[in-house]
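FYI, it's all coordinate maths here, none of it is from the lab. Owing to the predicted nature of the structure, the values given are computational and were not obtained by experimental measurement. Because the Cβ atoms are built from the backbone with ideal geometry, glycine has one as well, and the counts that use them run over all protein chains shown.
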Ligand SMILES: Nc1ncnc2c1ncn2[C@@H]1O[C@H](COP(=O)(O)OP(=O)(O)O)[C@@H](O)[C@H]1O
Ligand SMILES: [Mg+2]
């Protein structure tokens, strides 16, 4: 393959994984935008969804894409429950309290997963994840193609939800001015629960999709969580479009860094991009 | 329709309202006037449920509403158009109106409400898809009123609707308030523009330092020596 | 009035008594118990108390929450170890070199981040820590992902900071901790400590009162990183094996804050109390549950962290002193 083709291949890979990153970051960013709250256990939610998908595949023979609605609903529920019991009591508290509460949840979930499922890496071999499609010289694994396609569909779905439905508009109104939203008859507590559920459902869907391309392990959430922080900051904290733009940008950065520098250094470069963005444009590319 | 009975309200340790009592009768315009910082906004926020009184009682249509959260009070027909308009700047005009009709009952008659409101404020129809934050001050005030009307209020409370508007626009705001009253909506209006609001109000209260110090028909207050001296500068 | 004053001073002297007794107990403990496991647990308590005290300076007092302190500990560990392995330099000198190097790196990499606030600072520390860790992981000269092993040079040598018995480690760790607490005690009562807290409570107000916020943040950062580096050298000499994950990874970084947060961050004794609670929890999990329960203490830590955050934001120390205060005032009223 020529250098040019390899380059194109790299871009393609970056965009494909970028779509999944965008969905993960979207979950985090929607919660931040509406509630001014960062969930440090976001990555652990992804991990739980990966395990749910894995066990439905191994024990029941259900294909990840078929069991997706179940994983998604489970994570929605987990998010909503976490909101009621962990987030509601500390909303509006000092930032450190938010950080440590969700960090406690992270420790709990990550290690309870290790306890039950051990720290061995597991893979979920579907019949199609290893199929490779060829577009000219560019090759795309079907697993990547499907996960990025489904991530894109969910992203668009979420966008339509916020744009077109009354509940979606009420969520946006709440994020702009929560007191006035109350005055308009919006039950802000319910909106918060729903938002946290939705954000977690994004992690749920992303988790399902990641099983197609990534092995499963209790600590797998760490890197995705950190990457989604990076994406949100680069794109713009709390900004819907920012998460999408950031997702693709970081996907691209990662794969270009791997190609141009060395695969081992891809995350170093991503983090350097992150720090630089924080310093020169702390509100992110789309932030106002 | 609305009975406020001896409410005491504080922010933290600082008491702002002292034994405030008044009533709002159905179908008329009631006004609460008073100087800056008297506690007018605090009264309205307490009625709409954003603040809780330390003691005292609020009754609406013969039911105690003290334990209802804000959104339930909206559903029961109490709507506040807050001070400074507080439109949602990053939503379009139409989206603002949709949030206004968020309660289920209001949602079911949304089409009809929209028609009424566009009749009342034709300019909003033209601006339908514009971001609310880009509207002019007068248009934003119209939107704030329109958004409040979308939930089909029985009692509409306005907090300083003329604040920050040019004199000509102030006229039209009070004109609108008078017209709304004619459609049968009960109105509670709070103002620092004492003379203007007393002209249109059927019954008024004077609030000073968190206490109701005077009440009566609009003209009675206008002719009161204390009011004349202190607030009208006559 | 007089009675209250007397009561207070008697309480003070009671506290002093308690403190002295604890100290004596800690000093003679190794003579009472010959169990190396007991000594190991005590050493770990001192180690984590020290490391959490280090974290506490920047994150507890000044309020800049860091998830990156592993990087400082690791830099200290690597500096002294590399000097020892390559040039035979005594780890004690290496410790000083580690403090200097870590301060420089902390200043260079973290300094620009100090202007960030809240979540953003916390997130950025994760990134910086990962950059440093990954660099070590991919640099063969420093041992790469496999890390570095310190060979047994001498069976017991203060110069080489190596002992076959745990007792010297015990006393070294205890001494380090006591010296550190003394320094922090002085700091807390000086204007520096006062400024730290002022910055945490409200940066704008602190600025308006004339506190040079940037300067004091840097002081906190360097102090915090230096103490972390010191305990990093201790880590290397105690375990004789370091690698990027164990000295700079997530786990060590989190363990450097758990005792502080659960014990009571921003207080002098909080991290120490936290270490005395958490390390035994870990020990019980390891020893009595063992096997498949390996790592279960982290589950308990998670629950503790959540509970403390929601129900006792001041940590165990804050809660306990609050309770004590109400009891005291009740008792006073009763008199
Ligand atoms: N959120 C608040 N916290 C503390 N004090 C407040 C708050 N809002 C208003 N106040 C105080 O309450 C008093 C009444 O305020 P307000 O009800 O806004 O008066 P008005 O609307 O008549 O100008 C004022 O002294 C004001 O400073
Ligand atoms: Mg006011």
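For the pair residue C:117 and residue C:287, the difference between a 0.36 nm per residue extended length and the Cα-Cα distance amounts to 57.1 nm. Helix C:213-239 and the longest principal axis of the Cα set of chain C meet at an angle near 60°. Please work out whether the protein assembly as shown counts as rounded, prolate or oblate from its C-alpha gyration tensor, where a ≥ b ≥ c are the square roots of the eigenvalues and a/c under 1.5 means rounded, while otherwise a/b larger than b/c means prolate and anything else oblate? Here the protein assembly as shown falls in the oblate category. For chain A, what class follows from the C-alpha gyration tensor (a ≥ b ≥ c being the square roots of its eigenvalues): rounded when a/c is under 1.5, otherwise prolate if a/b is larger than b/c, else oblate? Here chain A falls in the prolate category.
Taking every DSSP beta bridge that has both ends in the protein assembly as shown, the antiparallel portion is near 60%.
The DSSP beta bridges internal to chain B are antiparallel in roughly 55% of cases.
Between the helical axis of C:91-110 and the longest alpha-carbon principal axis of chain C there is an angle of about 70 degrees. In chain C, helices alone account for a calculated mean residue ellipticity at 222 nm of -25000 deg cm²/dmol, with every DSSP H run of four or more residues adding -39,500 (n - 2.57). Shape of the range A:1-70 from the C-alpha gyration tensor: oblate (a/c of 1.5 or more and a/b not above b/c, with a ≥ b ≥ c the square roots of its eigenvalues). The mean of 1/r over all distinct Cα pairs in the range C:35-248, once inverted, gives the Kirkwood hydrodynamic radius of 17.7 Å.
Of the peptides A:197-203, C:188-194, the ranking by mean beta-carbon count within 10 Å, highest at the top, reads A:197-203, C:188-194.
How far is helix A:64-82 tilted, in degrees, relative to the longest principal axis of the Cα atoms in chain A, given as a value from 0 to 90 rounded to the nearest 10? Compared with the principal axis, the helix lies near 30 degrees. Using the Cβ-Cβ distance between residue C:202 and residue A:85 with R0 = 35 Å, the FRET efficiency computed as 1/(1 + (r/R0)^6) comes to roughly 0.70. The value of relative contact order for the range B:90-234, using C-alpha pairs under 8 Å at least six residues apart, is 19 percent.
Counts of other chain beta carbons within 10 angstrom of each beta carbon in peptide A:165-172 average 4. For residue A:166 and residue A:283, the FRET efficiency from 1/(1 + (r/R0)^6), where r spans their Cβ atoms and R0 equals 30 Å, is about 0.50.
Taking 7 Å steps out from each Cα toward its Cβ at residue B:178 and residue B:226 produces label points 2.9 nm apart. Dividing the mean sequence gap of close Cα pairs (under 8 Å, 6+ apart) by how many residues the range C:1-143 holds gives a relative contact order of 21 percent.
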